[in-house]
Every structure is written in C-alpha cells, then in structure tokens.
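Just so it is clear, none of the values below were taken in a lab; they were calculated from the coordinates. Note that this is a predicted model, so its numbers are computed, not measured. Quick reminder, even Gly has a Cβ in these numbers, built from the backbone with ideal geometry, and neighbours come from all protein chains shown.
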Amino acid sequence: MGINNLDKILQLVPSLNYADTKWLNNSVKEKLNSDTVGKVIAEREQTVSDCPHCHSIEFVKHGVTTKGIQRYRCKECRKTFCSLTGTPLFKMRKEDKWLAYAALMWDGVSLRKIARHLKINLRTAFFWRHRFLQMPNQNQPASFTGIIEADEAFLPESFKGCRQMPRESRKRGGGKVPLVPFLISYQRGDQFTYRVMDRNTKENLAEAITPLLTEGCCLCTDGNLSYKSIVSNLDIKLDHKRIIASDGRVIDDVYHIQHVNGFIAHFKEWLDRFKGVGTAYLGNYLAWHIWMRDKGYGEETLWINEALTV
C-alpha cells in the first residue's frame, strides 16, 4: 500500500464510531498475526545496534522503505541501511512467497517445480535457494573435541548452473568423469561438518581435517594412509583409530566411522532428486542437508529467522 492510501485511512479514523474502530482494530491485529515474515522483520528491527557498513553505534532513523521497513543513516560513514542489510534476505522481493518457498525447500523440490508452483521466474528460484543457503553454509563448527569420525567421499564433477563450460562437453561414453572429493567429519554428540576439496591429495585432506582436531581428541578414520601421516605431523597429541574393514568395523565397541558413512549414504540418496548438483554449489547442498538434519524437518519459519542472524 502506498503512503498516500495510508494517509487517507488515518484521516478517516477520527470519524469512526466505537464499533467501527473496534472492528478496524481487530482487522489490523488479524493482519499482523498472519504476516509472519513482517513480524520477523519487525522483531529484527528491535535488535539493530550498529551500522553494518562500519559498525558504528551512532546512527539515526532515516525514513522507511517502500515496504515499510525502517531505514537508518550512520553518522560516521553516512551510509543508509535497514534491518535486512547484510543478511541473505537483503534486496529479496516477493516476501509473501518466502514461507511457501521455504516449505518447498524442506521437501527438496526441484527449482523448476518451485518456479511453476509459486509462479516465479526460474532464475528467481535459483537466486532465492542460494540466498537461503548462505545461513547454514556460514554456521560451521571451527573445531571438535572428544571422539571424531572422518571420511572422504566423491561425486562426479558437474558444471550445472554455470554460464560457460571451462572445457569441451563430453559425449555419452566419452571417458571417465573426474570426481570431486569432500570430507565429512562428525563429533560424537551429533555435530557434522564438511569440506569440499579441489583434489584428493594428502595436502588437501590435511588442510580440511587439521583445524578440527584438538588436544586429547580421538580421530577415527578408515585405512587411508594419508590420515596416519597427517596425525604424525601434528603439534598436538591425540589418539588415532584406523578402522580397516578386514579387521572389523568397530574397535573396542566404541571406535568406528559408521555415523559419517551413514550420513554420506543418506546425503547421496537425498541428492538424487536434484538430478545432479553443480560442483560450485556442492558446499551449499552439504550445509543444507546438515542444517535440516540438525533442525528437524518442517519448520519453514526457521529459514527466515535464522537467515536474519547471519
């Protein structure tokens, strides 16, 4: 609604009798209660404490956006901002369809089906997906403690979603497709993390796993000799259990890598519905799967609430 229409409504309020005013009040409350996205954004406005550009705490109100969101101007850098600035939802339109989109994401619906269902452009559906995925992709644990499981997995290299192919297209049956390695790590206590690697080398594996390891932890891996070399070169002391299938899948009834193996199997099965995922976006899909697994499928408002906390 434009500002002029709102002014006209406000001008008519003094002329209303008590019954009409009460009816108007109830209608406004009903509208506010049904506007979940608007409510989340309004609550976000109450938490604005500094400028997202220079982090100065000196700012003043500076009007509202066309959607009624409060704007601010920083006294230090003189830039304007609102409660959505710096979040994945900034400059996203059609907010009335965000919750429906999030519900379809929970179900893993393809982009083309989402675009048809919500009557939005396919490019918009793609843009929204990776905006929503910024939040889980940035909330990865920095280190692990206790018993840690780790194992690498592989997916075919794909340039799906790229505007230009960096190589000539392959014909069907035209040789092997390069595999993209990624590492899945798990801290006992139900916390997963991932790392997509360029190549399956000891150096890349060390770069991926080393930051997660802490003093006194126990690392459980398969029989890959790279892990043995990585652990021997660390400056910290930890226990390393190599799970070799021929010797049994569990050591002392405690040490195994069944959690990460199960996660990888479920992730690949879940990924089948997308008919292939571009390698450039593999990290986003891993973060998406981990986030939904941790949150418990079905809470659409979580996408909106947590996207504002990035």
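Annotations
- Estimated dipole of region 3-82 in Debye, rounded to 20 [Cβ of Lys and Arg +1, of Asp and Glu -1, Cα centre]: 180 debye
- Taking a ≥ b ≥ c as the square roots of the eigenvalues of the Cα gyration tensor, an a/c ratio of 1.5 or more together with a/b larger than b/c marks region 3-82 as prolate.
- On full extension, the segment bounded by residue 159 and residue 203 gains 13.4 nm, given 0.36 nm per residue less the C-alpha separation.
- Taking 7, 50 and counting other C-beta atoms within 10 Å, the order from fewest to most: 7, 50
- Local charge for residue 274 was computed over the other residues whose Cβ lies under 14 Å away, with Lys and Arg +1 and Asp and Glu -1, and equals +4.
- A cut-off under 14 angstrom between Cβ atoms defines the neighbours of residue 56, and their net charge, with Lys, Arg +1 and Asp, Glu -1, is +1.
- Options 153, 187, 230, ranked by Cα towards positive dipole end of region 124-258, top entry (Cβ charges): 153
- A Cβ-based charge dipole, computed about the Cα centre of the chain with Lys and Arg at +1 and Asp and Glu at -1, lands at about 1840 debye.
- By the Cβ-Cβ criterion of under 4.7 Å, the unpaired cysteines of the chain are 82, 162, 217, 218, 220.
- Sequentially through region 233-247, phi angles give Karplus couplings (6.51, -1.76, 1.60; θ = phi - 60°) of 9, 6, 8, 10, 9, 8, 9, 10, 10, 8, 8, 9, 4, 5, 9 Hz, Gly and Pro residues having no value and appearing as x.
- Beta bridges from DSSP with both residues in the chain: antiparallel share about 75 percent, rounded to the nearest 5.
- Per-residue Cβ neighbour counts within 10 Å put 226, 169 in the sequence 169, 226, beginning with the fewest.
- Assigned charges on the beta-carbon of Lys, Arg, Asp, Glu; region 145-215 dipole about Cα centre (debye): 700 debye
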